[in-house]
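The block underneath contains the structure these notes are about, expressed in structure tokens.
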Amino acid sequence: MGQMDKKLDDYLTGQLLVAMPGLQDPRFSETVIYLCAHSAEGAMGLVINRKLEALTFPDLLEQLGIKPLDIGERIVIHFGGPVEAGRGFVLHSADYTQETTLQVDQEVALTATVDILKDMAGGAGPNRSLLALGYSGWGPGQLDSEIKANGWLHVAPDNDLVFGPDLDGKWLRAMDKIGIDPRMLSEDAGHA
């Protein structure tokens, strides 16, 4: 089944949302969002290709009173979205779980506790992870409407696209995975 054949009522939990070039909201321009949940009640996801410049992982740990090991310097904090911007979320490989972990699919999980940050700071966290502050949220039917209005495309994720360090290249790689060259798209697509 191709990209365009997928019905929206199949819901897109565990998929990547890829912003169309004409998306007007500057917070989401050229973003790739991993959808952690999508149902009739709405949707929740994390932007996976935007770094937060103002805060480092060691700074965050210091604010929380956690002593980091040297590994903390390599962990990037992402802008997960504009909702609850002070709340931390860790999207990670399913090799790590806690009681409060949301298992998104067989390979990816989501944990939003201080304990996972302590484990990451101590080198005992998940094999692959993405730390984000804030999330992207949609009310009932809102995401479906935005997709139908050509605001977003969707594609199956892969671990390198989700967890890889090349943030600047993720949007183009996601578009390429869909089979689209963004330079060939009109910003007025679907509005004849």
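Largest first and in whole Å, what are the equivalent-ellipsoid semi-axes of the range 102-192 based on the Cα gyration tensor, each being the root of 5 times an eigenvalue?
Sorted largest first and rounded, they come to 31, 18, 11 Å.
The count of lysine pairs in the range 3-184 whose Cα atoms are under 19 Å apart, excluding pairs fewer than 8 places apart on the same chain, comes to 5. Under a 5 Å amide H cut-off, with hydrogens placed 1.01 Å from N, GLY141 pairs with GLY42 among residues at least 5 apart or on other chains. Across the range 3-184 the C-alpha pair distances fall into 10 Å bins from zero in the proportions 10, 39, 36, 14, 3 percent.
Annotation: amide H-H contacts under 5 Å for CYS36 (H modelled 1.01 Å from N, sequence separation of 5 or more, or interchain): GLY14, MET44, GLY45, LEU46.
Using a Förster distance of 25 Å, how high is the FRET efficiency between GLN103 and ARG74, based on the Cβ-Cβ distance and rounded to 0.05?
Numbers: r = 26 Å, r/R0 = 1.03.
According to the calculation, E is roughly 0.45.
Considering only beta bridges that DSSP places wholly inside the range 3-184, some 90 percent are antiparallel. Each residue of the range 86-91 was assigned a 3J(HN,Hα) from its phi angle through the Karplus expression (A = 6.51, B = -1.76, C = 1.60, θ = phi - 60°), giving x, 9, x, 9, 10, 8 Hz with x at Gly and Pro. Coupling constants for the range 147-153 follow from the phi torsions by the Karplus curve (6.51 cos²θ - 1.76 cosθ + 1.60, θ = phi - 60°), and in residue order they are 5, 5, 8, 6, x, 9, 10 Hz; glycine and proline get x.
Read-outs throughout are calculated quantities, based only on the coordinates presented, and are distinct from any laboratory measurement. All of these numbers come straight from a predicted model, not from anything done at the bench. For neighbour counting, all protein chains shown are included, and Cβ atoms are generated from backbone atoms with ideal geometry for every residue, glycine included.
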